[in-house]
Amino acid sequence: MIQDQIAEMERRALAELQATSDLVALDEWRIKYLGKKGELTGFLRGMGGLSPVERPLVGQAVNTAKNILETAVAERTERLKSAALEVTLTRDKVDVTLPGRPVQVGHVHVITKVFREIIEAFTAMGFQVAEGPEVELDYYNFQQLNIPPGHPARSMHDTFYFSESVLLRTHTSPNQIRVMEKQKPPVRIIVPGKCYRSEATDATHEFMFMQFEGLAVDRDITLADLRGTLAAFARRMFGEERKVRFRCDYFPYVEPGVDLSIDCLICQGVGCRACKYSGWLEILGAGMVHPQVLRNVDIDPQKYSGFAFGMGPERIAMLKYSIDDIRQFYRNDLRFLRQFA
Amino acid sequence: MIKVPLSWLKEYIDITWTPEQLAAGLTLRGLEVESLIRIGAGWDKVVVGQVLSVEKHPNADKLVVLQATDGQQQYQIVTGAWNLQEGDKFPMALPGAKLIDGHKLVDEKAAGKRSGDLLSGDLPYFTVKGGKLRGLDSQAVAVAHLELGISEAFDGIVVLGPVAPVGAPLQEVLGDTILDIDLSPNLGRALSMIGIAREVSAMTGVPYYMPRIAVLEEGPSVAKKIKVEIEATDLCSRFSMMVIEGVKIGPSPEWMQRYLRAADQPVINNIVDITNYVMLELGQPLHAYDYDDIHGKQLIIRRAKAGEKVETIDHVDHTLNPNVLLVADAERGVCLAGVMGGADSEIKDTTVNVALEGANWNAFNIRKTAREMFDKVSEAAKRFERTVDIELTTVAIRRAIQLMQQYAGGRIAKGIVDVYPAPHSHKVLEFPLTEIRRVLGIEIPTKKVVEMLAALEFDVARVRTDGTYQFGQDDNPTIIVVSEEHSLRDGNTLMVRVPSYRNDVTIVADLVEEVARMYGYDKIPESPLRGELPPQFTNYAILVDEQVRTILTGCGLSEVITYPIVSLDDLKKLHRAVSGADAPSLHWSNPNQLMKLANPLSTEYEYMRPTLISSMLKTLSENRRFIEQVEIFEIGQVYLKREGELLPEERRTLALAITGPRLPLSRYNPNLKEAERLDFFDLKGVVEELLRRLDIPAKQITYEPLTPSDSPLLHPGRAAGVYLRQNGQKLKLGVVGEVHPLVVEAFDLPAERVAIAELDLAAVPALMQREIYQTVTRLPVTTQDLAVIVDDDTPAGGIQQLIRETGGNLLTDVTLFDLYRGKPIPEGKKSLAYRLTFQPLEKTLTEDEVTKLREKIEKRLTREVGATFRG
């Protein structure tokens, strides 16, 4: 009986299918039994010699066997694939605690980082950024700022000179004059830049340092505006919870003069070495622009008033990051600088 | 600046606030209290002892043996100090007491381990223990000033006053609190106990008292004893003098010594101590001469003659110039006016007659002399350079002469020599009250303002509606009115007469500050800025800086900031590779001379840099000691002298420097020593990326080989000039190259490749092109590889340029992906393989179109550079 032969083939085929171990063997199996010249087609081909009664019965038996074999091979394929994937995944396993591949990205200088914060804080209040020369005239650095030759304030500015009239600026304040010579009120400007003092260096003194000058001039600008603006800045830089102290200080180009301090970041105002046991850290000097300074640039001090301020980003960085030696900044040891990346 | 012992201050004012309140209050008012020094806080087990007997140590010449008592028990003390006598009272440290180790301090200072004040910084301590010294029991320690920390004196035991109760804790006798106040240059008026008492009085509302002065003048008329003439009237506005005869030089009273020591002043003898005491009390520096050393009994205030010599009391010989003001007698200079006395006429142990000077000098001149001739500004000069109340000379010498008679005896000559050519006129300021609101932003009732000013001893008169005004009781006829063309004088104006000691108050704004000080800076409200916003603009220079930082940090470089002041030595190192006498220009952009400081700190920092490269190489070198791979950049100015201008051009410049292995050590790059090194092409890649991202079109940039004379610091075969061609112009943007091996060596860098670039950042903002949108299509791209064979010395840059130009708009990318020499390429030739990417805009490209373009490119290359093509 052909049907018996078909059944025997089916059993043999299924047994062989179970024995296949990879997709290649599976393909061979498929060709052998289900291919165009495979055994199953062989039965159909041999049907020409069968009686009309037998023919449909055999056809049906072949189809049934075909369905069984196809289902079986699909299952087997699925199983072998998933077994193969399993092997691949196992083989791919890594030690996830190994370090990642190094990425090479640089970083800006810590002072640039502080500059950015300061600029952002003041531009948000309508200030704009200007610059001025580092090699400066005595006229701008001192004389126009109410510091004539022989003024005692000059002893607070140890100055590098090129000649009697040309020097390295000791502060960014000459830019108050330079800006107001060109721009009439309203003025809101900040001027960052390098400054120089001819003094011995130690943990808190550098012969080169950065400064930020600020200037706002308009009608009706008051000491209260100064306080509001700079207190807002201080809290933005050092945290909303900071207390701000506002006290009298002296700079020849402002009157009244102001010193702005925040409560010590380290001891929270209780008193420690960093704040010299005062509880306060000075962060900037300021004041109402001196009437004579306004007159020097042809602005009528009875119509206009303004405030000016100056601060050192190194000091701000030192406070923010607890840096104890100002000389670190321009020694440019990358092991120091990359801590602020 | 000034140390104010509260015990001393209490002589003039009742102190109702705690030391902390005083310190905080004064600081808010501009008198910054730097620290509160508590003397005696650590003096446990130190008591008042009394000497019962003094004997020589039987076994040691330099030691003495004291028997002393604390009132209950007898102690034997062996000490090296000889100044105690039977009956003296002194601080006696009992076992367990902690004292400053004076010997160690002095030794450390001598060995150079300590700088500055002896009593600054961390101090060494020792604990008193009983023990034997040269065979004798020593049960306690007799204590010197230094060991207590009250002054630097370490030459004898502290002798206490006779009223000190024996056995009492020393703190009750010598303990004190000292305000250490830092004074800004405008606060000369506060350089005295009275000056501080005035501030405290204004602050606390408690009145202060001037010392009572009563002088018994019994001697001959002073006019017969001395003549004074002011020749240099521009530098001396007042000179007052009294004379006392028959004094006996000796120690000053114990209480005075204690005050002086607490205020950090030396203790010398009664006459000198009194001049210092009165200076600290009232603020007027005084000078005492040995009257018998004044030749001709006359004093002339004159400028020194050139070359004139004076020995000052610190025993330094000075050769003077005519800027120095002298007090001279008939023959010679006897005092550098206002700065320091002369040795010839100083007070000696043998001095009998004293001439006492109180004068007022030109602040500018004093400042100049004091700072040019002395390392340390004297106490007198410190006051004169800040200006001293001109009304004070006679008050102060009367006070001092009274004390001299009291503590040194003698007879006071009648009268005062007082040369005072132009007596003081009181300034009167017109103070429109509206200024308070306008400058401070607050309203203060007029009555309050008047009270505040009165508390500060300003005389205040309210202007009546008819414009007249009247000061109080003693209206001074010699007043000058300073008007700032303010206002109508009306009911809203005050006339304010300024006390003679307030030289710092000259304009209305100064009065506004006084009102703010009295009102309290801490009570000024916070208000945000209002009003019109100024015109807004973009600062392109700073914008470019920020873009450069973003790009370069992304490329792996880190920012440094170096000193713009450099040494000539370092600049010369850049030319180490150049032989011959012809000094090359110092920088590719700067053939001019350098800016040189007239007063550099050292030759290490003397010239303004004309290039960033020397500082970059130094920074590389210093970092290379610790780090294998260093990649840095700096944005900074170079300083280029300009003909006919005082100020140089400060040109914004960018420098980049890289050296070391290309990749950091990792398991992917296990052998750093053998790893590939960063070189010219790494840095050129960064420069290309930078310029591209700064929107400077790549087509306009060329890199051309540099000759050694162009840039002697660079490797002659591995350096390029960076040029920009725009509108038919060729502009040099900078250089990129490897540093010449000899220069690498000169900067102590390891002998390996160092690539450096310097670019003219100042030129960039003008060159940046507007970014214009390029259409992006989804049509497929076609790529073709083209291998070009040319002579080995044909620059690749030109070939790429030709391909680009010929390919036109459709050729969107040209990438060199292989450079090959050797078989089968003929000797002397090289093969450059490019991948060309064609991107159609409107319709898919046909094979034919691409082939045509390729043939066009090939033809042009053959024609212009003799290229042949592979496969």
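Amide H to amide H, which residues 5 or more places from residue B:133 or on other chains are under 5 Å from it, using H placed in the peptide plane?
Close amide H contacts, sequence-distant or interchain: B:138.
Round to a whole number: what % of the accessible area of segment A:110-340 belongs to carbon and sulfur, probe 1.4 Å?
On the way: 3680 of 7680 Å².
C and S fraction of accessible area: 48 percent.
Tell me, what HN-Hα J-couplings in whole Hz come from the Karplus equation 6.51 cos²θ - 1.76 cosθ + 1.60 at θ = phi - 60° for each residue of segment B:342-354, using x for Gly and Pro?
With the stated coefficients, segment B:342-354 comes to x, 5, 4, 10, 6, 6, 10, 4, 8, 4, 10, 10, 10 Hz.
Probe radius 1.4 Å, ligands and nucleic acids left out: which of A:157, B:295 has the largest accessible area, and how do the rest follow? It would help to have the intermediate numbers written out before the result.
Working: A:157 20, B:295 65 Å².
Correct descending sequence by accessible area is B:295, A:157.
Go through segment A:203-212 residue by residue and turn each phi into a ³J(HN,Hα) via Karplus (6.51, -1.76, 1.60, θ = phi - 60°); whole Hz please, and just put x for glycine and proline.
4, 10, 10, 10, 7, 10, 8, 9, 9, 10
With a 1.4 Å probe and all protein chains left in place, how much accessible area per residue does segment B:782-869 have, in Å²?
Details: 5120 Å² over 88 residues.
The answer is 58 Å² per residue.
Working with all protein chains in place, sort A:43, A:329 by solvent-accessible area computed with a 1.4 Å probe, largest first. Walk me through the intermediate numbers first.
Details: A:43 35, A:329 0 Å².
Accessible-area ranking of A:43, A:329, largest first: A:43, A:329.
How much net charge surrounds residue A:200 when only the other residues with a Cβ under 11 Å from the Cβ of residue A:200 are counted, with Lys and Arg +1 and Asp and Glu -1? Kindly include the intermediate steps, with their values, before the conclusion.
Details: positive: A:197; negative: A:158, A:199, A:202, A:206.
For residues surrounding residue A:200, the net value is -3.
List, by residue number, every residue in segment A:322-341 with a reduction of 30 Å² or greater in accessible area between the chain on its own and the complete protein assembly, 1.4 Å probe.
By number: A:330, A:332, A:334, A:335.
If I compute solvent accessible area with a 1.4 Å probe over the protein chains, what percent of it on segment B:187-331 is carbon and sulfur?
The value for segment B:187-331 is 50 percent carbon and sulfur by accessible area.
Specify the residue with the greatest mean-square fluctuation among A:210, A:180, A:47, computed from a Gaussian network of chain A linking alpha-carbon atoms under 10 Å apart.
A:47
Measure off 7 Å from each Cα along the Cα-to-Cβ vector at residue B:218 and residue B:775, then give the distance between these two points in nanometres to one decimal.
11.8 nm
In segment A:196-226, what residues drop by 40 Å² or more of accessible area when the other protein chains are put back, versus the chain on its own? Use 1.4 Å, and skip ligands and nucleic acids.
A:207, A:222, A:223, A:224, A:225
Using the scaling law 2.2 N^0.38 Å as the reference, what is the normalised Cα Rg of segment B:782-869? Mind dumping the intermediate values first?
Working: Rg = 13.2 Å, N = 88, 2.2 N^0.38 = 12.1 Å.
Here the Cα radius of gyration is 1.09 times the empirical estimate.
Over chain A, what relative contact order in percent results from Cα pairs under 8 Å that are six or more residues apart? It would help to have the intermediate numbers written out before the result.
Working: 494 pairs, mean separation 49.6, N = 341.
In percent, rounded to a whole number, it is 15.
Over segment B:305-392, give the accessible area per residue in Å² for a 1.4 Å probe, as an integer.
Details: 3580 Å² over 88 residues.
Ligands and nucleic acids excluded, the result is 41 Å² per residue.
Tell me, what is a quarter of the convex hull surface for the C-alpha atoms of the protein assembly as shown, in nm² with one decimal? Present the calculation step by step, with values, prior to reporting the outcome.
Numbers: hull surface 313.6 nm².
So the mean shadow area of the Cα hull is 78.4 nm².
From the protein chains alone at 1.4 Å, what is the descending order of accessible area for B:14, A:202, B:695, largest first? Please list the in-between numbers first.
Working: B:14 105, A:202 60, B:695 35 Å².
If we order B:14, A:202, B:695 from most to least accessible, we get B:14, A:202, B:695.
Leaving ligands, DNA and RNA out of it, report the carbon-plus-sulfur percent of the accessible area of segment B:782-869 at a 1.4 Å probe. Before the final figure, lay out the partial values.
Details: 2550 of 5120 Å².
Answer for segment B:782-869 is 50 percent, counting heavy atoms of protein chains only.
With contacts defined as alpha carbon pairs under 8 Å and 6 or more residues apart, what's the relative contact order of segment A:2-91 in percent? Don't jump to the answer; show the numbers that get you there.
Values: 49 pairs, mean separation 34.5, N = 90.
After rounding, I find 38 percent.
Take every residue in peptide B:532-541, count the Cβ atoms of other chains within 10 Å of its Cβ, and give the average of those counts. Could the numbers behind the result be given before it?
Working: counts 6, 7, 13, 3, 4, 3, 2, 5, 0, 3.
Whole-number average of other-chain Cβ neighbours for B:532-541 is 5.
In whole Hz, with x marking every Gly and Pro, tabulate ³J(HN,Hα) for segment B:451-465 from phi via Karplus 6.51 cos²θ - 1.76 cosθ + 1.60, θ = phi - 60°.
Here the 3J(HN,Hα) series is 5, 4, 5, 5, 5, 8, 6, 7, 7, 10, 10, 7, 7, 7, 4 Hz.
Work out the FRET efficiency for residue A:84 and residue A:4 from their Cβ-Cβ distance, taking R0 = 41 Å, and round it to the nearest 0.05. Don't skip to the end; give the middle numbers.
Details: r = 37 Å, r/R0 = 0.90.
For residue A:84 and residue A:4, the calculated efficiency is 0.65.
Quick check for you: with a 1.4 Å probe and neighbouring chains kept, what is the accessible area per residue of segment B:46-174, in Å²? Please report the intermediate quantities before stating the final value.
Working: 6600 Å² over 129 residues.
Using a 1.4 Å probe on heavy atoms only, each residue of segment B:46-174 averages 51 Å².
Taking the Cβ-Cβ separation of residue A:184 and residue B:438 as r and a Förster radius of 22 Å, what is the calculated FRET efficiency to the nearest 0.05? It would help to have the intermediate numbers written out before the result.
Numbers: r = 19 Å, r/R0 = 0.86.
Efficiency at R0 = 22 Å is approximately 0.70.
Only Cα pairs under 8 Å and at least 6 apart count here; give the relative contact order of chain B as a rounded whole percent.
On the way: 1694 pairs, mean separation 69.0, N = 871.
In percent, rounded to a whole number, it is 8.
Quick check: pseudo-label points 7 Å beyond the Cα along Cα→Cβ at residue B:783 and residue B:663, how many nm apart are they?
2.2 nm
Residue B:378: accessible area at probe 1.4 Å, nearest 10 Å²?
20 Å²
Check which residues have an amide H placed less than 5 Å from residue B:870's amide H, if you skip close sequence neighbours.
Amide H neighbours of residue B:870, under 5 Å, 5+ apart: B:787, B:789.
How much net charge surrounds residue B:453 when only the other residues with a Cβ under 15 Å from the Cβ of residue B:453 are counted, with Lys and Arg +1 and Asp and Glu -1?
Details: positive: B:29, B:198, B:427, B:447, B:448, B:462, B:497, B:502, B:517; negative: B:199, B:430, B:435, B:451, B:457, B:459, B:504, B:510, B:513, B:514.
Its environment carries a net charge of -1.
Using DSSP to define loop residues, name the GluC sites (Glu not before Pro) in segment B:303-340 whose beta-carbon has at most 12 other beta-carbon atoms within 10 Å. Spell out each step's value before the answer.
Numbers: sites: B:308, B:311, B:331; in loops: B:308, B:331.
Answer by residue number: B:331.
Could you state the orientation-averaged shadow area of the convex hull built on the Cα atoms of segment B:217-419, in nm² to one decimal? It would help to have the intermediate numbers written out before the result.
Details: hull surface 39.4 nm².
Its average projected convex-hull area is 9.9 nm².
Which order do the peptides B:639-651, B:762-774 come out in when sorted by mean C-beta neighbours inside 10 angstrom, highest first? Could you put the intermediate results ahead of the total?
Values: B:639-651: 14.9, B:762-774: 12.2.
Output ranking for B:639-651, B:762-774: B:639-651, B:762-774.
Going by a ≥ b ≥ c, the root eigenvalues of the Cα gyration tensor, does segment A:110-340 fall in the rounded group (a/c under 1.5), the prolate group (a/b larger than b/c) or the oblate group? Before the final figure, lay out each step's value.
Values: a/c = 1.64, a/b = 1.23, b/c = 1.33.
Since a/c reaches 1.5 but b/c is at least a/b, the shape of segment A:110-340 is classed as oblate.
What FRET efficiency do you get for residue B:137 and residue B:604 if R0 is 51 Å and r is their Cβ-Cβ distance, rounded to the nearest 0.05?
Once rounded, the FRET efficiency stands at 0.30.
List the accessible area buried at the contact between A and B, summed over both sides and calculated with a 1.4 Å probe, in Å² to the nearest 100. Present the calculation step by step, with values, prior to reporting the outcome.
Details: alone 19210 and 44080 Å², together 55410 Å².
So the total buried area for this chain pair works out to about 7900 Å².
Starting from the amide H of residue B:714, placed 1.01 Å from N in the peptide plane, find each other amide H under 5 Å away whose residue is 5 or more places distant or on another chain.
HN-HN under 5 Å from residue B:714: B:740.
Can you check what the net charge comes to around residue B:393, using other residues whose Cβ is under 12 Å from the Cβ of residue B:393 (Lys, Arg +1; Asp, Glu -1)?
Details: positive: B:238, B:398, B:399; negative: B:357, B:389, B:391, B:418.
For residues surrounding residue B:393, the net value is -1.
Rounded to the nearest 500 deg cm²/dmol, what is the calculated helix-only ellipticity per residue at 222 nm for chain B, with -39500 (n - 2.57) per DSSP H run of length n ≥ 4? Kindly include the intermediate steps, with their values, before the conclusion.
Working: 23 runs with 220 residues, N = 871.
My calculation for chain B gives -7500 deg cm²/dmol from helical runs alone.
Of the peptides B:155-165, B:353-363, B:806-816, how do they stack up when ordered by the mean number of other Cβ atoms within 10 Å, highest first?
Working: B:155-165: 16.8, B:353-363: 25.0, B:806-816: 14.9.
Going from most to least packed, we get B:353-363, B:155-165, B:806-816.
The values are calculated or read from the model by the stated rules, or taken from the named source; none is laboratory data. Small disclaimer: the values here were computed from a predicted structure and weren't measured. A quick note on method: Cβ atoms are made from the backbone with ideal geometry, for glycine too, and the neighbour counts reach across all protein chains shown. For the accessible areas, the whole protein counts, side chains as well, though only heavy atoms, and no ligand, DNA or RNA atoms are used. Shrake-Rupley method; radii C 1.70, N 1.55, O 1.52, S 1.80 Å.
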